[in-house]
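Computed from the coordinates by the stated procedures, all read-outs in this text should not be read as laboratory data. Note that the structure is a prediction, hence the values are computed from the model and not measured. Note: ideal-geometry Cβ built from the backbone for every residue, glycine included; neighbour counts use all protein chains shown.
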2 protein chains.
Amino acid sequence: MKHLLLAAIAAASLILPAIASEPAPISSPGEIAAAAPASDWIAIAPSDLLVMDLAPDAKGPSTRSGPRRVVIQLMPAPFSQGWIGNIRKLAAAHWWDGTSINRVQDNYVVQWGDATEKKALPEGLAAVPESRYVESRFASAGVHAGAGGTERLLSVPVKTDAYSGLAGFWSGWPVAGAKEGHDVWPVHCYGTVGVGRNMSPDTGSGAELYAVIGHAPRHLDRNIAVVGRVISGIEHLSSLPRGTEALGFYKADAERTLITSIRIANELPAAEQPEFEYLSTESDSFARYADARANRRDPFFIRPAGGADICNIPVPVRAVAK
Amino acid sequence: MKHLLLAAIAAASLILPAIASEPAPISSPGEIAAAAPASDWIAIAPSDLLVMDLAPDAKGPSTRSGPRRVVIQLMPAPFSQGWIGNIRKLAAAHWWDGTSINRVQDNYVVQWGDATEKKALPEGLAAVPESRYVESRFASAGVHAGAGGTERLLSVPVKTDAYSGLAGFWSGWPVAGAKEGHDVWPVHCYGTVGVGRNMSPDTGSGAELYAVIGHAPRHLDRNIAVVGRVISGIEHLSSLPRGTEALGFYKADAERTLITSIRIANELPAAEQPEFEYLSTESDSFARYADARANRRDPFFIRPAGGADICNIPVPVRAVAK
């Protein structure tokens with residue numbers, strides 16, 4: 001046996017295959033997700049995927065050379081739709097083509113956009129107010145309604161959240177809410193994609209985006225717009241050299257990574273459109289998966305924690321086998 | 001103004017300098033730490049620093065070329081001293097020289113040691129029992145004693161922890177404990193260094209180590225030995241190419257990064273010994289810093305969270321100006 005840390009996989013998009021030759025009990029979170037019936041998996045529409053292609057690593061043959069594709073799933077309504085509408089327009093205008101990754105701050109974020117800050121934006125982008133960081137009308141949005149406040153709206157509520165009255169899952173996404181009332185907002189976990197902005201009351205257009213590559217910066221919740229999450233290829237962002245200027249900005253132009261294109265997936269040729277699905281957070285399989293994340297019963301563990309924070313329960317997402 | 005995400009620095013080892021030309025109010029966590037009196041900073045003995053040097057990046061001139069030095073602070077007694085004693089012996093024997101980084105799993109860990117698994121260990125390493133993952137004799141260790149259970153032992157207790165009855169800080173380190181009684185254990189945050197192991201009851205010798213490079217894997221607490229934390233140079237680990245085999249192991253020998261040496265710092269020439277200090281977690285400055293992490297008052301923020309998880313309150317550590 002290899003002398004190694006055997007602890008199971010933490011990344012949302014990786015599922016450990018069950019070992020076929022041993023009828024091992026289904027006990028790890030990954031095994032539970034992999035064993036979920038097909039009906040518990042929900043296809044992600046190509047129209048909700050943003051596909052970012054980075055130029056190949058200029059440093060030559062290595063595991064990091066070759067195509068670098070990052071796939072981002074956009075949040076569903078009612079969350080952040082003003083900014084997401086702008087992102088759709090920017091992608092349709094091919095606005096990001098030729099822009100770059102300008103900032104990589106360790107244990108924090110990778111940020112991209114127009115380094116010159118002079119590129120004209122497409123017309124018709126919305127200026128979204130700060131009030132939309134939170135969906136206060138969530139309960140009346142028609143998706144989930146009923147008495148009981150926020151707690152009734154979320155599946156698999158996480159009892160203990162340091163940043164909110166209640167955290168839990170809704171339609172495949174981690175969210176937090178006030179214990180009383182109907183305020184719900186998306187949360188910052190590893191891989192979360194948000195909108196860079198200037199000082200308040202600016203909320204950003206969506207042209208400048210970032211992805212979280214460190215411990216969940218939950219202090220950003222309700223302070224900045226969350227628009228999606230990286231579901232594939234985050235290693236192409238998280239392994240980039242860190243910038244040496246303040247806040248992880250690159251000093252020299254040559255340090256930046258070129259973005260060759262960003263497209264909504266349904267603009268790509270059909271054969272190239274990525275197909276992903278997520279484990280329904282309203283399914284029994286997900287409830288068992290979340291329980292197993294909080295109470296690890298894989299053979300490696302000797303002592304289950306008895307709890308998990310919401311960002312340590314990544315929603316399983318996988319590529320659809322073609 | 002640059003159109004960017006201005007949120008303040010998350011990495012423990014980076015402190016934003018106050019802007020000298022503006023008498024801005026001290027409000028951000030970094031400003032509070034930087035303004036702390038010298039007496040609130042505690043020097044870290046070179047004998048408690050592990051210095052790991054990696055071979056230069058073979059891919060040639062880039063921001064990632066040049067020396068790659070990673071500095072790890074070892075945990076103080078009473079925690080994990082059996083494993084740390086082994087680590088001191090391994091370093092004194094220069095055992096890691098010529099070994100390599102063998103595993104980089106995104107949002108999880110970087111792991112290093114002897115890839116051949118055939119290198120003989122020095123004699124006299126201890127086999128430490130699992131019971132030492134937790135210090136159940138903590139209250140009688142003489143450092144802090146008194147009535148009131150664990151809560152009295154920790155400074156700046158974090159009210160809400162998903163993984164334990166109570167989390168807080170002790171002598172510069174984040175720890176968790178049972179609400180009742182005297183069990184205390186170190187926790188896994190970004191940068192935490194732990195000991196790889198085989199299946200229970202093996203606890204690892206300390207020859208195989210890992211550093212956390214993702215969201216806090218708190219489910220590993222009490223399941224594996226925590227021996228320290230990276231206080232400088234973690235970007236040399238976190239930006240390494242991810243391994244493509246299961247659990248992030250590298251496939252080919254050439255993908256591994258060579259470790260040229262690992263030393264306890266006091267074995268280095270005096271001029272080369274790194275000097276660091278940490279902000280006393282028992283100081284008023286730290287209490288205000290932690291409060292500011294939970295209630296961000298920097299001008300960027302419009303809505304303080306009202307809380308923070310323990311791994312989002314990194315203990316400030318800085319190099320001593322020579």
Can you pull out every residue in the stretch B:282-309 that is assigned to a loop (DSSP other than H, G, I, E, B) and within 21 Å of residue A:179 (Cα to Cα)?
B:295, B:302, B:303, B:304, B:305, B:306, B:307, B:308, B:309
In the stretch A:291-322, the residues that are hydrophobic (A, V, I, L, M, F, W, C) and under 22 Å from residue B:213 (Cα atoms):
A:294, A:300, A:301, A:305, A:308, A:310, A:311, A:313, A:315, A:317
Using the structure shown, decide if residue A:236 is within 7 Å of chain B (Cβ to nearest Cβ), in a helix (DSSP H, G or I) and under 18 Å from residue A:191 (Cβ atoms).
no
Under 6 Å between Cβ atoms, at least 6 apart or on separate chains: pull out the pairs that start in the stretch B:40-59 with a residue that is without any contact (Cβ under 8 Å) to a residue 12 or more places away in the chain and end on any residue that is part of a loop (DSSP other than H, G, I, E, B).
B:57/B:64; B:57/B:65; B:59/A:59
Can you name every residue in the stretch B:267-287 that is surrounded by fewer than 17 Cβ atoms within 10 Å (Cβ to Cβ) and closer than 20 Å to residue A:219 by Cα?
B:287
Restricting to the stretch A:302-322, count the residues that are hydrophobic (A, V, I, L, M, F, W, C) and free of Cβ contacts under 8 Å to residues at least 24 places away in the same chain.
3
Select from the stretch B:177-233 the residues that are assigned to a loop (DSSP other than H, G, I, E, B), under 17 Å from the mean Cα position of the chain (by Cα), within 26 Å of residue B:261 (Cβ to Cβ) and not acidic (Asp, Glu) and list them in ascending order.
B:190, B:191, B:196, B:206, B:213, B:224, B:225, B:233
Could you grab me the full set of residues in the stretch B:183-212 that are touching a Phe, Trp or Tyr at 6+ places or on another chain (Cβ under 9 Å), within 8 Å of chain A (Cβ to nearest Cβ) and more than 22 Å from residue B:85 (Cβ to Cβ)?
B:199
Which one of the conditions (1) touching a helix residue (DSSP H, G or I) at 6+ places or on another chain (Cβ under 7 Å); (2) outside any loop (DSSP other than H, G, I, E, B); (3) under 23 Å from residue B:175 (Cβ atoms) does residue B:103 fail to meet, given that it meets all the rest?
(3)
Restricted to the stretch B:260-281 and to residues being assigned to a helix (DSSP H, G or I) and out of contact with any Ser or Thr (no Cβ under 9 Å at 6 or more places or on another chain), the residue nearest to the other protein chains (Cβ to nearest Cβ) is B:272
Is it true that some residue in the stretch A:288-296 is away from chain B (no Cβ under 14 Å), touching a residue at least 12 places away in the same chain (Cβ under 8 Å) and not aliphatic (A, V, I, L, M)?
yes
